[in-house]
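First comes the structure, then the notes that go with it.
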Amino acid sequence: MSLYYVQKFLYELNRDPALKDAYGADRFAVLEPYELTDEEVTALTEPDIGLLYHLGVNGQILMHFAALHHIEWTDYLQRMRDGITAYGPVREGVYAVTGYEGVDEHAAKLGHRGPAAPEEGD
Amino acid sequence: MALVYAGVCSHAPGITGRADRADPDVRDRFYAAFDDMRAAIQDAGAEAIVVIAAEHFANFFMDNMPSFAIGMADFYDGPIEDPGWLAIDEFRAPGNRDLSRRLITEIMETVDVAYAEEWRFDHGIAVPLHFLTPAFDLPVIPANINCQGPPLAPLHRAWAFGEALRRAADSVPERIAVIGTGGISHWPATPDSGKINEPWDRDFLDRWCRNDRDALLDYDDTTVYAEAGQGGFEIRTFLAVAAAAAGAPGTVHFYAPIPIFAVGCTVASYEIDPVGPSTH
């Protein structure tokens, strides 16, 4: 596996509008210069946010990839959780899941009132 | 002239990007604290603002990762994120290449800082500037401490960076404000996003306000990760500001966990004596 190159691609994608356009036109072609496994290519082309998180992609890089695909914040968090359920704990990198109750339950505990109805999956 | 202002604040993208999803009362009190910080920086007569950030793979990556970097350009563009996602319009912030060069030259006497003549601001700088210099009319000197891609510089080196920054600020004729931005405890952009260890944060802020060097350096990344998440690595920016404040006492103007912002939202500052640190 080549977590470094997965993250390198996402780092460059996040920075470069031309690469975003190229990715939009042909997701497989733009990945050719990177040293990636088939699993990583699948994760980046589907895209499979949960698998990318499982592989160890840093969330600070991954969240922009999710935004590029118009994945809303709450959905982004849920896709990572689903990835852990489907594929197991993060394979490489620093992340460990800690059993956090979720944003809405946490805010309610703090006595915060919500601005709107809680969104599904948060 | 000297360092005339030193403070810290949060920078999480949710502060602007998910503003409409927070409790309005808590959010607006947080924003008001930012407004007060902006006024204090103006009242101090700051002619440039050094923002010590913990950027998130916007400019620096693991192919060539500096522990410490300072921008040396006459302008900086941002945000690098989608403006709609961050709810901050595209901007060009003024820099001051000459001032940067003088600061960097002095800092290099004791710290091997990298310099960058290009720098695109991510939320780590854009969110604080959105509140502190909303018209982008104050020259910005961006600084960065690698808090994202381990191995990370040890905490005592972040402290040394802050000391060097103070020495440099005191060596130039301009009036300098310095802002550190970062978490305290948080688990940003992960499934645990929103988790905040409030007791840990309050203990850290107590050490920060006392400007207790030994207590502030009495952390290690393994424990910080376990208790404060990977976002806790960003305490390096707070430590650098503490070192720059050179023993001055600090005040927390605002602290509250706001889960949808994914951080314990913080605004705090030191009582800086512009004549310089007594240890000189």
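The values are calculated or read from the model by the stated rules, or taken from the named source; none is laboratory data. Treat the numbers as computed from the prediction; the structure is a model and nothing was measured. Positions of Cβ are generated from backbone atoms using ideal geometry, with glycine treated the same way; all protein chains shown enter the neighbour counts. Please note that ligands, DNA and RNA were not included when accessible areas were found on the heavy atoms of the full protein model with its side chains. Shrake-Rupley method; radii C 1.70, N 1.55, O 1.52, S 1.80 Å.
Here's the yes/no breakdown for (1) polar (S, T, N, Q); (2) free of Cβ contacts under 8 Å to residues at least 40 places away in the same chain; (3) surrounded by 21 or more Cβ atoms within 10 Å (Cβ to Cβ):
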| position | (1), (2), (3) |
| --- | --- |
| B:Arg92 | no, no, no |
| B:Arg97 | no, yes, no |
| B:Leu129 | no, no, yes |
| B:Ile145 | no, no, yes |
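Those residues that are among the polar types (S, T, N, Q) and either in contact with a helix residue (DSSP H, G or I) (Cβ under 8 Å, 6 or more places away or on another chain) or within 21 Å of A:His70 (Cβ to Cβ) (or both), I need them from segment B:70-102; list them, please.
Within segment B:70-102, the subset among the polar types (S, T, N, Q) is B:96, B:100.
Answer for segment B:70-102, where residues must be among the polar types (S, T, N, Q) and either in contact with a helix residue (DSSP H, G or I) (Cβ under 8 Å, 6 or more places away or on another chain) or within 21 Å of A:His70 (Cβ to Cβ) (or both): there is none.
Output the number of the condition that A:His70 fails; it satisfies all remaining conditions of (1) within 14 Å of chain B (Cβ to nearest Cβ); (2) open to solvent by less than 20 Å² (accessible area, probe 1.4 Å).
Here A:His70 meets the rest and fails (2).
How many residues, within segment B:166-192, are assigned to a loop (DSSP other than H, G, I, E, B) and either free of Cβ contacts under 8 Å to residues at least 12 places away in the same chain or of a type in the set (Lys, Arg) (or both)?
Narrowing segment B:166-192 to residues assigned to a loop (DSSP other than H, G, I, E, B): B:170-174, B:182-192.
Subset that is either free of Cβ contacts under 8 Å to residues at least 12 places away in the same chain or of a type in the set (Lys, Arg) (or both): B:191.
Of the residues in segment B:166-192, 1 are assigned to a loop (DSSP other than H, G, I, E, B) and either free of Cβ contacts under 8 Å to residues at least 12 places away in the same chain or of a type in the set (Lys, Arg) (or both).
Could you check segment B:49-66 and list, in sequence order, the residues that are crowded, with 21+ Cβ neighbours inside 10 Å, away from chain A (no Cβ under 14 Å) and out of contact with any helix residue (DSSP H, G or I) (no Cβ under 6 Å at 6 or more places or on another chain)?
B:Ile49, B:Val50, listed by residue number.
Looking only at helices (runs of 4 or more DSSP H) that fall completely inside segment A:8-110, which ones have 1 or more residues that are under 12 Å from the mean Cα position of the chain (by Cα) and closer than 25 Å to B:Glu55 by Cβ?
Values: elements: A:17-25, A:27-31, A:38-45, A:49-55, A:59-68, A:73-87, A:103-109.
By residue number, A:38-45, A:49-55, A:59-68, A:73-87.
Within segment B:5-33, how many residues are in a helix (DSSP H, G or I) and either within 16 Å of A:Thr74 (Cα to Cα) or more than 8 Å from chain A (Cβ to nearest Cβ) (or both)? Give the derivation first.
Of all residues in segment B:5-33, those in a helix (DSSP H, G or I) come to B:14-17, B:19-21, B:24-33.
Then keep just the ones that are either within 16 Å of A:Thr74 (Cα to Cα) or more than 8 Å from chain A (Cβ to nearest Cβ) (or both); that gives B:14-17, B:19-21, B:27-33.
Qualifying residue count for the region: 14.
Taking B:Pro199 as meeting all but one of (1) part of a loop (DSSP other than H, G, I, E, B); (2) open to solvent by 30 Å² or more (accessible area, probe 1.4 Å), write down the number of the exception.
Exception for B:Pro199: condition (1).
Mind checking which pairs have a first residue in segment A:93-111 that is more than 7 Å from chain B (Cβ to nearest Cβ) and charged (D, E, K, R) and a second that is open to solvent by 70 Å² or more (accessible area, probe 1.4 Å) and outside any helix (DSSP H, G or I), Cβ under 6 Å, 6 or more apart or different chains?
From residues that are more than 7 Å from chain B (Cβ to nearest Cβ) and charged (D, E, K, R), the pairs are A:Asp104/A:Pro118.
Take segment B:138-165 and flag every residue that is of a type in the set (Gly, Ala, Ser) and not in a helix (DSSP H, G or I). Walk me through how you get there before you give the answer.
From segment B:138-165, those of a type in the set (Gly, Ala, Ser) are B:143, B:149, B:153, B:158, B:160, B:162, B:164; that's our starting set.
Result: B:Ala143, B:Gly149, B:Ala153.
Do the conditions hold for B:Ala135, that is, is it aliphatic (A, V, I, L, M), surrounded by fewer than 20 Cβ atoms within 10 Å (Cβ to Cβ) and in a loop (DSSP other than H, G, I, E, B)? Let's see the steps before the verdict.
Details: aliphatic (A, V, I, L, M): yes; surrounded by fewer than 20 Cβ atoms within 10 Å (Cβ to Cβ): yes; in a loop (DSSP other than H, G, I, E, B): yes.
Taking the combined requirement at face value, the residue satisfies it.
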